[in-house]
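What follows draws every value from the coordinates through simple rules; no lab data is involved. Treat the numbers as computed from the prediction; the structure is a model and nothing was measured. Cβ coordinates were reconstructed from backbone atoms using ideal geometry, including for glycine residues, and neighbour counts include every protein chain displayed.
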Amino acid sequence: MARIFDNIDQDLLTALRDTLVVSKRSDFCVGYLNLRGWQAIDDLIQPWDATAGQVCRVLVGMQRPPHEEIRELYRQAEEPGLIDNATATRLKAQFAAHLREQITLGIPTGHDEAGLRRLARQLRAGQVVVKLFLPYPLHAKLYLLFRDDANNPITGFVGSSNLTVAGLSRHGELNVDVLDHLGTKKLSQWFDARWGERWALDVSADL
């Protein structure tokens, strides 16, 4: 029977951390990402070896710059040939700047600055890869964690929690774990399809 995480009787953060301890890579699809949410788990990503494929892929679906840029992007996506490398580079930089602003919003302490520097190091090392999903608003919240275990190679968490401290441990959320092989395989395929979309833009270097 699936466990239920509502941040009242059981919080998602504890289960996520416990699973990350025994995992070697992960895929997260979230609407929003902020620094304090990342700080809640970044120590467990830090030992991973990106050259061995130990990477956390983060797909962000809802953090968007002004509507004018969205309309321009959609117009170019719908009319083949309009996009060029210069336009793509400019749009990616603008979207990355918007996400960067959200990540750093309200950072007042040395602890937060240290967390920001850790995230920067992880991005540079390839331990963390961040993409912005732009084809349409993506509300899904999915956490997939992979390990070398014949009986439980993938653990999934699906529900309403964003990668924020409030979403993982405070807000009234509703999440369940998914452990069966068929279910986790389908969730992984769903994530890979979104990750591979043309307009899922890798902003790791820009961040």
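With bins 5 Å wide beginning at 0, the percent of Cα pairs of the chain falling in each bin runs 1, 7, 15, 19, 20, 17, 11, 6, 3, 1, 0. Can you find, among Leu119, Val165, Ile154, the residue farthest towards the positive end of the dipole of segment 117-171? Put +1 on the C-beta of Lys and Arg, -1 on that of Asp and Glu. Going by the Cα projections, it comes out as Leu119.
Starting from the Cα gyration tensor of segment 89-165, take the square roots of the eigenvalues, sort them a ≥ b ≥ c, and report rounded, prolate or oblate (rounded when a/c is under 1.5, otherwise prolate if a/b is larger than b/c, else oblate).
Working: a/c = 1.77, a/b = 1.37, b/c = 1.29.
It comes out prolate by the Cα gyration axes.
Hydrophobic long helices, here whole DSSP H runs in the chain with Kyte-Doolittle means of at least -0.5 and Cα atoms spread over 18 Å or more along the helix axis, are found at 85-104. At q = 0.24 Å⁻¹, what is the base-10 log of I(q)/I(0) for segment 1-51 according to the Debye formula with one equal point scatterer per Cα and no solvent? Please give it to two decimals. Computed log10 I(q)/I(0) values: -1.14. If R0 is 41 Å, the Cβ-Cβ spacing of Ile4 and Asp112 corresponds to a FRET efficiency of close to 0.85.
Taking the Cα centre as origin and putting +1 on Lys and Arg beta-carbons and -1 on Asp and Glu beta-carbons, what dipole magnitude results for the chain, to the nearest 20 debye? Please list the in-between numbers first.
Details: 24 positive and 26 negative charges, 52 e Å.
Using only the charged Cβ atoms, the result is roughly 260 debye.
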